[in-house]
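*Asks:* One structure, as structure tokens, below. Some questions next.
The values are calculated or read from the model by the stated rules, or taken from the named source; none is laboratory data. Please read these numbers as outputs of a predicted model, since none were measured by experiment. Positions of Cβ are generated from backbone atoms using ideal geometry, with glycine treated the same way; all protein chains shown enter the neighbour counts.
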Amino acid sequence: MPPAAPLDQLGRPMRDLRISVTDRCNFRCPYCMPAEIYGEKYEFLARPELLSFEEIERLARLFVELGVEKIRITGGEPLLRHGFPRLVEQLKAIEGVHDLTLTTNGWLLEKHAKFLAEAGLDRVTVSLDSLDDEVFGRMNGRGFDVSRVLEGIDAADAAGLRPIKINCVVERGCNEASIVPLAERFKGTGHIVRFIEFMDVGTLNDWNLAKVVPAAEIVERLHSVHPLRPADRRYRGEVAQRWEYEDGSGEIGVIASVSAPFCGDCTRARLTIEGRLVTCLFAAGGVDLRGPLRAGESAATATPRNARPRPIQRAARRRGRGSRCTR
Ligand code: SAM
Ligand code: SF4
């Protein structure tokens with residue numbers, strides 16, 4: 001019999017699993033991987049330290065047994081991981097995974113979209129912070145222009161990876177002027193733009209509160225041009241507050257991780273690239289699953305006969321601190 005789905009100290013189930021498949025990225029967004037820190041001398045993880053696809057699949061199966069229904073693959077930039085569509089196939093084959101998604105910066109998406117759809121990916125989220133090449137170039141830290149990401153979005157659309165979500169991190173003094181054009185570009189397409197408050201993801205991205213544009217201000221800016229009304233949330237734990245255009249031409253989302261944290265409803269866990277289970281984006285440490293897995297320990301495989309508390313269940317039950325995890 002599969003182990004019972006654990007609830008944490010606040011009665012929250014674990015429904016979503018975010019799996020990071022690489023720590024590398026071809027962008028250097030200053031709010032995430034600032035080039036000064038992630039420069040040529042930065043030591044990324046060596047290959048043997050990364051979970052293999054087989055290890056990821058094995059752990060994902062255990063999470064699904066414990067209640068996870070939705071898997072989001074993230075990074076770093078997941079499309080940089082060699083042989084990535086094979087992992088999509090492996091995860092899609094797990095019975096009980098109802099939603100398999102990917103978050104990508106879109107740079108390599110045009111090339112991969114069709115193969116990802118064929119491998120079983122359900123949909124994608126593409127990050128795009130501005131339609132203005134100058135602003136986007138600054139926000140991706142590489143001077144890359146927008147057109148290639150838009151081509152990636154079109155390819156994903158053509159491949160059926162819908163509904164497509166477009167993630168835009170809004171940073172004061174950087175891209176507030178991009179909010180309306182970005183929303184307008186995708187209004188009426190069925191794609192959903194989600195504006196994310198700039199978060200402090202560690203101490204490396206020079207975060208301070210003055211750089212956060214609160215979700216209420218984002219909505220107000222857009223509402224003054226294209227009237228919006230609030231929409232009901234679709235499920236417990238949905239991170240984005242939904243807003244519909246009054247003219248019926250679609251919806252947008254705002255993720256108020258800073259101004260209105262949604263920890264109380266969090267149903268997420270994340271598996272880091274080196275196999276740590278982290279139950280909050282802001283948690284330090286996490287629970288090592290790779291060590292026991294590679295040692296062949298039953299504690300990691302959660303066999304029913306094992307009398308000791310099992311790492312995944314134990315961590316899931318201990319959740320109780322907040323999460324503002326949109327990634
Ligand atoms: N490289 C992929 C991408 O950018 O879509 C996937 C990984 S990225 C870490 C996942 C998401 O986190 C992106 O949508 C990105 O914009 C968002 N993100 C990264 N740093 C952030 C921050 N400091 N505040 C808010 N969102 C952030
Ligand atoms: Fe790379 Fe995504 Fe982070 Fe930007 S947000 S640096 S694209 S991982």
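*Asks:* Can you find even one residue in region 210-222 that is buried (at least 18 other Cβ atoms within 10 Å of the Cβ) and either closer than 29 Å to I94 by Cβ or polar (S, T, N, Q) (or both)?
*Replies:* Within region 210-222, none of the residues are buried (at least 18 other Cβ atoms within 10 Å of the Cβ) and either closer than 29 Å to I94 by Cβ or polar (S, T, N, Q) (or both).
*Asks:* If you don't mind, another one. Before we move on, is R268 touching a residue at least 24 places away in the same chain (Cβ under 8 Å), surrounded by fewer than 14 Cβ atoms within 10 Å (Cβ to Cβ) and under 19 Å from the mean Cα position of the chain (by Cα)? Full working, then the answer.
*Replies:* Numbers: touching a residue at least 24 places away in the same chain (Cβ under 8 Å): yes; surrounded by fewer than 14 Cβ atoms within 10 Å (Cβ to Cβ): no; under 19 Å from the mean Cα position of the chain (by Cα): yes.
No, not satisfied.
*Asks:* With the structure loaded, tell me whether A231 is modelled with pLDDT of 95 or more and surrounded by 13 or more Cβ atoms within 10 Å (Cβ to Cβ) or whether it fails that test.
*Replies:* On the way: modelled with pLDDT of 95 or more: yes; surrounded by 13 or more Cβ atoms within 10 Å (Cβ to Cβ): yes.
So A231 passes the test.
*Asks:* Counting just the residues of region 261-273 that are of a type in the set (A, V, I, L, M) and touching an Asp or Glu at 6+ places or on another chain (Cβ under 9 Å), which one comes out nearest to E69 (Cα to Cα)?
*Replies:* Looking at the filtered set, the residue picked out is A269.
*Asks:* Inspect all residues belonging to region 48-55 and state whether any of them is buried (at least 20 other Cβ atoms within 10 Å of the Cβ), within 16 Å of ligand 1 (Cβ to nearest atom), at pLDDT 95 or above and closer than 20 Å to P85 by Cα. If you could, list the steps in order and put the result at the bottom.
*Replies:* First pass over region 48-55, keeping only residues buried (at least 20 other Cβ atoms within 10 Å of the Cβ): 50-51.
Checking the rest, the ones that are also within 16 Å of ligand 1 (Cβ to nearest atom) come to 50.
Among the residues that remain, those that are also at pLDDT 95 or above are: 50.
Filter once more, so that each one left must be closer than 20 Å to P85 by Cα: 50.
Taking every residue of region 48-55 in turn, at least one turns out to be buried (at least 20 other Cβ atoms within 10 Å of the Cβ), within 16 Å of ligand 1 (Cβ to nearest atom), at pLDDT 95 or above and closer than 20 Å to P85 by Cα.
*Asks:* Could you tell me whether any residue of region 33-47 is crowded, with 19+ Cβ neighbours inside 10 Å, closer than 14 Å to T272 by Cβ, within 16 Å of ligand 1 (Cβ to nearest atom) and modelled with pLDDT of 95 or more?
*Replies:* no
*Asks:* Looking only at region 20-66, how many residues end up being outside any loop (DSSP other than H, G, I, E, B) and away from ligand 2 (no atom under 14 Å from the Cβ)?
*Replies:* In the first step, residues of region 20-66 are kept if they are outside any loop (DSSP other than H, G, I, E, B); the result is 20, 47-49, 53-65.
Next, from what is left, pick out any that are away from ligand 2 (no atom under 14 Å from the Cβ): 47-49, 53-65.
Within region 20-66, residues that are outside any loop (DSSP other than H, G, I, E, B) and away from ligand 2 (no atom under 14 Å from the Cβ) number 16.
*Asks:* Further question: Being more than 13 Å from ligand 2 (Cβ to nearest atom) and crowded, with 22+ Cβ neighbours inside 10 Å narrows it down to one of V180, V126, V146, V170, so name that one. Before the answer, list the steps.
*Replies:* Values: V180 fails: crowded, with 22+ Cβ neighbours inside 10 Å; V126 fails: more than 13 Å from ligand 2 (Cβ to nearest atom); V146 fails: crowded, with 22+ Cβ neighbours inside 10 Å.
Being more than 13 Å from ligand 2 (Cβ to nearest atom) and crowded, with 22+ Cβ neighbours inside 10 Å holds for just one of V180, V126, V146, V170, which is V170.
*Asks:* Filter region 188-206 down to residues that are surrounded by fewer than 15 Cβ atoms within 10 Å (Cβ to Cβ) and modelled with pLDDT under 95 and give me whichever is nearest to P34 (Cα to Cα).
*Replies:* Residues of region 188-206 that are surrounded by fewer than 15 Cβ atoms within 10 Å (Cβ to Cβ), as a first pass: 188, 190, 202-203, 206.
Okay, now just the ones that are also modelled with pLDDT under 95, so 202-203, 206.
On the way: G202: 12, T203: 11, D206: 9 Å.
Taking the candidates together, the pick is D206.
*Asks:* Quick test for you: out of L100, L79, pick the one residue that is touching a strand residue (DSSP E or B) at 6+ places or on another chain (Cβ under 8 Å), free of Cβ contacts under 8 Å to residues at least 40 places away in the same chain and near ligand 1 (Cβ under 10 Å from one of its atoms). I'd like the intermediate steps shown before the answer.
*Replies:* On the way: L100 fails: near ligand 1 (Cβ under 10 Å from one of its atoms).
Of the residues listed, the single one that is touching a strand residue (DSSP E or B) at 6+ places or on another chain (Cβ under 8 Å), free of Cβ contacts under 8 Å to residues at least 40 places away in the same chain and near ligand 1 (Cβ under 10 Å from one of its atoms) is L79.
*Asks:* Moving on. Output the helices (runs of 4 or more DSSP H) that fall wholly within region 80-187 and possess 1 or more residues being hydroxyl-bearing (S, T, Y) and modelled with pLDDT of 95 or more, or say none. First the steps, then the outcome.
*Replies:* Numbers: elements: 84-92, 109-119, 133-139, 147-158, 179-186.
The qualifying helices (runs of 4 or more DSSP H) are 147-158.
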